[in-house]
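Chemist: The structure under discussion is supplied below as structure tokens; questions concerning it will follow.
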Number of protein chains: 8
Amino acid sequence: MKPVVSIIMGSTSDLPIMEKAAKLLDEFEIAFEINALSAHRTPTEVESFAHNAKGRGIKVIIAAAGMAAHLPGVIAAMTPLPVIGVPINSTIGGIDALLAIVQMPPGIPVATVGINGALNAAILAVQIMSLGDEAMAARLEEYKKGLAKKIVKANEELAQVKYKFKTN
Amino acid sequence: MKPVVSIIMGSTSDLPIMEKAAKLLDEFEIAFEINALSAHRTPTEVESFAHNAKGRGIKVIIAAAGMAAHLPGVIAAMTPLPVIGVPINSTIGGIDALLAIVQMPPGIPVATVGINGALNAAILAVQIMSLGDEAMAARLEEYKKGLAKKIVKANEELAQVKYKFKTN
Amino acid sequence: MKPVVSIIMGSTSDLPIMEKAAKLLDEFEIAFEINALSAHRTPTEVESFAHNAKGRGIKVIIAAAGMAAHLPGVIAAMTPLPVIGVPINSTIGGIDALLAIVQMPPGIPVATVGINGALNAAILAVQIMSLGDEAMAARLEEYKKGLAKKIVKANEELAQVKYKFKTN
Amino acid sequence: MKPVVSIIMGSTSDLPIMEKAAKLLDEFEIAFEINALSAHRTPTEVESFAHNAKGRGIKVIIAAAGMAAHLPGVIAAMTPLPVIGVPINSTIGGIDALLAIVQMPPGIPVATVGINGALNAAILAVQIMSLGDEAMAARLEEYKKGLAKKIVKANEELAQVKYKFKTN
Amino acid sequence: MKPVVSIIMGSTSDLPIMEKAAKLLDEFEIAFEINALSAHRTPTEVESFAHNAKGRGIKVIIAAAGMAAHLPGVIAAMTPLPVIGVPINSTIGGIDALLAIVQMPPGIPVATVGINGALNAAILAVQIMSLGDEAMAARLEEYKKGLAKKIVKANEELAQVKYKFKTN
Amino acid sequence: MKPVVSIIMGSTSDLPIMEKAAKLLDEFEIAFEINALSAHRTPTEVESFAHNAKGRGIKVIIAAAGMAAHLPGVIAAMTPLPVIGVPINSTIGGIDALLAIVQMPPGIPVATVGINGALNAAILAVQIMSLGDEAMAARLEEYKKGLAKKIVKANEELAQVKYKFKTN
Amino acid sequence: MKPVVSIIMGSTSDLPIMEKAAKLLDEFEIAFEINALSAHRTPTEVESFAHNAKGRGIKVIIAAAGMAAHLPGVIAAMTPLPVIGVPINSTIGGIDALLAIVQMPPGIPVATVGINGALNAAILAVQIMSLGDEAMAARLEEYKKGLAKKIVKANEELAQVKYKFKTN
Amino acid sequence: MKPVVSIIMGSTSDLPIMEKAAKLLDEFEIAFEINALSAHRTPTEVESFAHNAKGRGIKVIIAAAGMAAHLPGVIAAMTPLPVIGVPINSTIGGIDALLAIVQMPPGIPVATVGINGALNAAILAVQIMSLGDEAMAARLEEYKKGLAKKIVKANEELAQVKYKFKTN
């Protein structure tokens, strides 16, 4: 299957975080690819990647980066595809990466999710692709219902907690 | 024409910022609507809006909010459509709104752009809709080339600046 | 006993923090309930909860949330009851949750306590309910005197510490 | 009429902000008093005020302070009444006052509202007092409906804005 | 020996940090006392302490506090003695305590040292008392020379490190 | 009269802020000097100043600096006298100067006051010198009483404000 | 004269700040060029610029950028020349640009100066080029002496200020 | 070999971070020295070091410091050589050190790298010295190519990761 989502990250050390995006896409049976690319170490490869992504059939790019996180913005500058940026927490809580990704200048947006928000990046990719794919849209609705079930389960756990207290 | 993008904001005081989104969509001849909605003052209308948006043909929602900015996230919780959040700068530089929009919990992403980033929100909406619309995609490519022209013009202005200095 | 305070939280992972609120209410023999609710995953349940709370006899709601913490504000928008918000520290020290809870727009206050301040949320609930309950007010005065006793005990410990130093 | 809400502030320079609290209470026909008190300049008066407030019939105290804002916390330490803290923005965006008010130690809560949030402080006071006053509770419900009307009016204004754009 | 420096803290949990102040004073053979006092839990004791400190022969007060750290400022308001404030790091890196101590309003200074800066608080106390005590001033000069010796020792360690590298 | 307090600042642009320190010292009839010195532009003069200050009869140094504010710390490193640091707000609200002054390493304290807190720096200098000067101590007590009078005056102003409201 | 320093910026709106760099270089009779380039709008031109700069005789690049400031880092990734980054203050005090420039990943440094620090960027460029140019080094020493003269002038102004006060 | 780069730090506790700079210089066969110096504890040695560095043949100084990090700026004030500042993370994530190093006043730049960015400091030193040394410049180009190889290796690792997912 040809990938339609491309997950890129600066190093394999980001993989434990970005795997959550991969798993969600896998759960939705969306073909994806994972690659390492660095805006600073492999600028030529980044350029080549960005220029070719649409032609290769990629629809959404998920780019993770930490510190002075340039990767999502640099790619967004070179592709018409929507780019989802995932700020990675490294030394100062991820605020550096968040600001370096979200505060893009007029003309070149990056769709930014929360710090280490790999799962949400994948869900956002699904939401975007669901606009042209009713089957995927239906699956997304199912997924959202599943989120509510976690709350039901939480309430069952809390119900037992309450017996510890004397007044209830 | 039936709107496909819905711009919502908490009050008309956000309009001077959000007009940039409206103008960009207008430039792309994308039908849109602008409405005021408040997660806190009109929760019932927000719910009704969010539940009906997809059925009414809306494809992307752009939601602007300041301070403890809940509007984008609250809507994202009740629609399968992609929601683009625009943090509005009110009292402390917009950092409150940025964090209140971007730091969404797992399961409910908001595609966040920069503080007061209304133009980028609209471009992101165009990028998303272009995935299923080659004519729009072509127009987007044109638009991006136009951004580069601003730099050419800037260089012409700078060329004249340089004559002020003796060493050049 | 019908609960008069309702403690809500987004997931059971907040329970170790929120138990301090439960214990304090228990100590004051105030009937309370604990439930999991999510502004984003179970918006319908949140709405139903908020609309019915007052009718069910609830007097004060304590709502805990982390990250882009919308739960306290969303509930405050749909109930006339006072809502006490507890920002939970997740990734960036809890500043995101604090701002997302306290910076509410004009018209919809949330009575915000400190980061992870579950105990103080419960004491604030007691203070509010004591306005109409002299017995509870008397118990609260006792509790405050107890706080001072901890300082007395601390001084006893410090008295022993001082013997370690040669000049005293 | 004997005041039931006491608004205190460090200096008359805070009055333009705190007047919003006064006006809201006035609109609700709730008797209130406004006084200047300083945790640092008039500690004896603060102590006397805090110890006597309940006995004088005060039910809720609204305390505004900027910078290293100690007034709300110092009063909360000496009264069983609920104290609502309003952080005032002075030099660094009000973050100093917000943290100095909200981050109270275990045992002494201050119900903190947003930076310069005088109106919300007054509404919170009304919510608290409404627990024991059905007439006030009814008026509060009316007030909340009024908030929604502002959104209706905003939409009327926005409806006219939209005619500026060609595609709608 | 009658104490001339008074170290106060909110709880014995601050002792591991504040012991550095005690040790330095001990090293200088300056009589001191350590007590627990809380601006919020024992306001009456704080007032009594502050009013009597000068009369008891105390010359400098060192007050440590975390979170919404009111203790140093509250004491400074009630004594003519210089008060040195030590912000204690609790949940958000100590920035809350730093701002709550240093940003005092005009008229009531607190001499603030760095976060967890107990040692520096004690040295500052020595510097202040040395103004009227030439013997103590001489000892202080000795102490400062000792600081430079640590650098000499560090250089000896570094000298050995350098042999690890091939080019030197 | 030989100066006993030395006010230093990096440039005359800090004078409008630092004049408040000068006026307070003048009011207390304390002889002082004001000089410009720069840790970075005139390091030799700074060193000479710091080494000679005590010998010239200076008792307290007040050093103001903005941005990467090194002046107070650099002087503190070269004198046994207490150095009071005043962070000056330049571009980012003064947080840079505050941290660069207060976060001194172990061994070299700077007694830091609030951002732009020139008046408090002078009062702190008076408090320190009052330890050895009962006449000055008495004057300081008078000054503190004067602070309370401002609150009395504020209350008179507020008394008139209250007539604007119908319920009082 | 062939330029040896290249000043680049994202738009002509940065010129009022960056002119200070141009003026300093002009004062040192160092040939320079000023151009507009955007990491996001003209990525191809940026790449071509970065790859050719050394070959054209450029020795140091000064790159200014605001918000999610990628320009300095992107250029640094594609040239062996030292790149000096100047963070420009736009919406949130320039902290976003500072972090997006300075927090570069291992392998690709940007020599960052302070927010809006154009003058210092130019001086740093002179310091770097002076390593291989003794005449320039001599001129730099002269310039540094000039900085000290400003302090002398400031002291003359302050000398007059002091006459306003009675005690001196 | 006479050292051309001088690495200085405040204490040996910074060595684990600064060793990365030493190793890189070693790899480039650049002679360097490592010393401990403290702006605050050994001001005379700092002055002597700064005044003599150029004469001893040093070309670039790398200065690491934490907290109120004055060392790089103080040295920069006393030498015409370029000074590279490395902010060291101590208590609050290194933001204090970053601001205390980068926000230098006009006239005295410090070339600041990221928090704990010792490796980048060394690379920047190499870039600066390469301007006058073509052999070193060639080696630097090789080094940069090596960075790209890490990405190639990362992709090989990621290729294996992808087999974990069912859709690829």
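The values are calculated or read from the model by the stated rules, or taken from the named source; none is laboratory data. Owing to the predicted nature of the structure, the values given are computational and were not obtained by experimental measurement. Cβ: placed from backbone, ideal geometry, glycine included. Neighbour counts: every protein chain shown. With ligands, DNA and RNA removed, areas are computed over all heavy atoms of the protein, side chains included. Shrake-Rupley method; radii C 1.70, N 1.55, O 1.52, S 1.80 Å.
Chemist: Scanning the range B:70-82 for residues that are within 14 Å of chain C (Cβ to nearest Cβ) and out of contact with any His (no Cβ under 9 Å at 6 or more places or on another chain), which turns out farthest from residue C:107 (Cα to Cα)?
Modeler: The selected residue is B:80.
Chemist: Also, I was wondering about something else. When you go through (1) closer than 27 Å to residue C:129 by Cβ; (2) within 14 Å of chain F (Cβ to nearest Cβ); (3) not in a loop (DSSP other than H, G, I, E, B) one by one for residue D:85, which number turns out not to apply?
Modeler: Unmet condition: (2).
Chemist: Test residue C:72 against the criterion of being assigned to a helix (DSSP H, G or I) and either open to solvent by less than 20 Å² (accessible area, probe 1.4 Å) or hydroxyl-bearing (Ser, Thr, Tyr) (or both), and give yes or no. It would help to see each step written out before you state the result.
Modeler: Values: assigned to a helix (DSSP H, G or I): yes; either open to solvent by less than 20 Å² (accessible area, probe 1.4 Å) or hydroxyl-bearing (Ser, Thr, Tyr) (or both): yes.
Against the criterion (assigned to a helix (DSSP H, G or I) and either open to solvent by less than 20 Å² (accessible area, probe 1.4 Å) or hydroxyl-bearing (Ser, Thr, Tyr) (or both)), residue C:72 qualifies.
Chemist: Given the residues A:121, A:65, which is the only one that is outside any helix (DSSP H, G or I) and away from chain C (no Cβ under 13 Å)?
Modeler: Details: A:121 fails: outside any helix (DSSP H, G or I).
When all the criteria are applied, what remains is A:65.
Chemist: When you scan the range H:90-110, do you find a residue that is over 20 Å from residue F:90 (Cα atoms) and either in a helix (DSSP H, G or I) or more than 7 Å from every other protein chain (Cβ to nearest Cβ) (or both), even just one?
Modeler: Narrowing the range H:90-110 to residues over 20 Å from residue F:90 (Cα atoms): H:90-94.
Imposing the further condition that a residue be either in a helix (DSSP H, G or I) or more than 7 Å from every other protein chain (Cβ to nearest Cβ) (or both) reduces the set to H:90.
Checked the range H:90-110: at least one residue is over 20 Å from residue F:90 (Cα atoms) and either in a helix (DSSP H, G or I) or more than 7 Å from every other protein chain (Cβ to nearest Cβ) (or both).
Chemist: Something else now. Within the range B:91-150, how many residues turn out to be aromatic (Phe, Trp, Tyr) and either within 19 Å of residue A:72 (Cα to Cα) or in contact with a Ser or Thr (Cβ under 9 Å, 6 or more places away or on another chain) (or both)? Walk me through how you get there before you give the answer.
Modeler: At the first step, the residues of the range B:91-150 found to be aromatic (Phe, Trp, Tyr) are B:143.
Retained after the next criterion (residues that are either within 19 Å of residue A:72 (Cα to Cα) or in contact with a Ser or Thr (Cβ under 9 Å, 6 or more places away or on another chain) (or both)): none.
Matching residues across the range B:91-150 total 0.
Chemist: While we're here: Out of (1) in contact (Cβ under 8 Å) with a residue 40 or more places away in the chain; (2) open to solvent by 10 Å² or more (accessible area, probe 1.4 Å); (3) polar (S, T, N, Q), what's the single condition that is false for residue E:11?
Modeler: Unmet for residue E:11, out of (1) in contact (Cβ under 8 Å) with a residue 40 or more places away in the chain; (2) open to solvent by 10 Å² or more (accessible area, probe 1.4 Å); (3) polar (S, T, N, Q): (1).
Chemist: While we're looking at this one, here's another question. Tally the residues that are hydrophobic (A, V, I, L, M, F, W, C) and under 15 Å from the mean Cα position of the chain (by Cα), restricting the search to the range G:40-74. It would help to see each step written out before you state the result.
Modeler: So in the range G:40-74, the residues hydrophobic (A, V, I, L, M, F, W, C) come out as G:46, G:49-50, G:53, G:58, G:60-65, G:67-69, G:71, G:74.
From the residues that got through so far, the ones that are under 15 Å from the mean Cα position of the chain (by Cα) too are G:58, G:60-65, G:69, G:71.
Result for the range G:40-74: 9.
Chemist: Please go through the range F:131-144 and pick out each residue that is hydrophobic (A, V, I, L, M, F, W, C) and not in a helix (DSSP H, G or I). Can you show your working first?
Modeler: The first filter runs over the range F:131-144 and keeps only residues hydrophobic (A, V, I, L, M, F, W, C), leaving F:131, F:135-138, F:140.
Across the range F:131-144, the qualifying residue is only F:131.
Chemist: Is there a residue being of a type in the set (Gly, Ala, Ser) and under 21 Å from residue F:119 (Cα atoms) anywhere in the range E:129-139?
Modeler: Among the residues of the range E:129-139, not one is of a type in the set (Gly, Ala, Ser) and under 21 Å from residue F:119 (Cα atoms), which makes the answer no.
Chemist: On to the next question. Kindly provide the set of residues from the range H:1-39 that are at the interface with chain E (Cβ under 9 Å from one of its Cβ atoms), part of a helix (DSSP H, G or I) and under 14 Å from the mean Cα position of the chain (by Cα), ordered by number.
Modeler: Listed by number, the residues that qualify are H:15, H:19, H:22, H:23, H:25, H:26.
Chemist: Restrict the check to the range B:40-62 and report whether at least one residue is within 14 Å of chain D (Cβ to nearest Cβ), crowded, with 24+ Cβ neighbours inside 10 Å and charged (D, E, K, R).
Modeler: Within the range B:40-62, one or more residues are within 14 Å of chain D (Cβ to nearest Cβ), crowded, with 24+ Cβ neighbours inside 10 Å and charged (D, E, K, R).
Chemist: Among the listed residues B:127, B:103, identify the single one that is open to solvent by less than 10 Å² (accessible area, probe 1.4 Å), of a type in the set (S, T, N, Q) and within 17 Å of the chain's Cα centre (by Cα). Lay out the reasoning, then the answer.
Modeler: Working: B:103 fails: within 17 Å of the chain's Cα centre (by Cα).
Sole residue among the options that is open to solvent by less than 10 Å² (accessible area, probe 1.4 Å), of a type in the set (S, T, N, Q) and within 17 Å of the chain's Cα centre (by Cα): B:127.
Chemist: On to the next question. Could you tell me whether the range F:147-161 includes any residue that is out of contact with any strand residue (DSSP E or B) (no Cβ under 9 Å at 6 or more places or on another chain) and of a type in the set (Val, Ile, Thr)?
Modeler: no
Chemist: Using the structure shown, decide if residue G:147 is more than 25 Å from residue B:117 (Cα to Cα), within 12 Å of chain F (Cβ to nearest Cβ) and part of a helix (DSSP H, G or I). Full working, then the answer.
Modeler: Working: more than 25 Å from residue B:117 (Cα to Cα): yes; within 12 Å of chain F (Cβ to nearest Cβ): yes; part of a helix (DSSP H, G or I): yes.
Yes, satisfied.
Chemist: Here is a follow-up. Condition first: free of Cβ contacts under 8 Å to residues at least 24 places away in the same chain, buried (at least 16 other Cβ atoms within 10 Å of the Cβ) and of a type in the set (D, E, K, R). Now tell me which residues in the range D:137-162 satisfy that.
Modeler: Within the range D:137-162, D:144, D:150, D:162 qualify.
Chemist: Scanning for something out of contact with any strand residue (DSSP E or B) (no Cβ under 8 Å at 6 or more places or on another chain), open to solvent by less than 10 Å² (accessible area, probe 1.4 Å) and touching a residue at least 60 places away in the same chain (Cβ under 8 Å), does the range F:76-90 turn up at least one residue? If you could, list the steps in order and put the result at the bottom.
Modeler: Taking the range F:76-90 as the starting set, the residues that turn out to be out of contact with any strand residue (DSSP E or B) (no Cβ under 8 Å at 6 or more places or on another chain) are F:77-78, F:80.
Subsequent filtering for residues that are open to solvent by less than 10 Å² (accessible area, probe 1.4 Å) retains none.
Looking through the range F:76-90, none of the residues is out of contact with any strand residue (DSSP E or B) (no Cβ under 8 Å at 6 or more places or on another chain), open to solvent by less than 10 Å² (accessible area, probe 1.4 Å) and touching a residue at least 60 places away in the same chain (Cβ under 8 Å).
Chemist: While we're on this one: Among the residues of the range G:151-159, are any at pLDDT 90 or above, among the acidic types (Asp, Glu) and more than 18 Å from the chain's Cα centre (by Cα)?
Modeler: First pass over the range G:151-159, keeping only residues at pLDDT 90 or above: none.
No, the range G:151-159 has no match at all.
Chemist: Related question: Within 23 Å of residue F:77 (Cβ to Cβ), under 12 Å from the mean Cα position of the chain (by Cα) and at pLDDT 95 or above, is that true of residue H:85? Walk me through it before giving the result.
Modeler: Working: within 23 Å of residue F:77 (Cβ to Cβ): yes; under 12 Å from the mean Cα position of the chain (by Cα): yes; at pLDDT 95 or above: yes.
Yes; evaluated as a whole, the condition is true for this residue.
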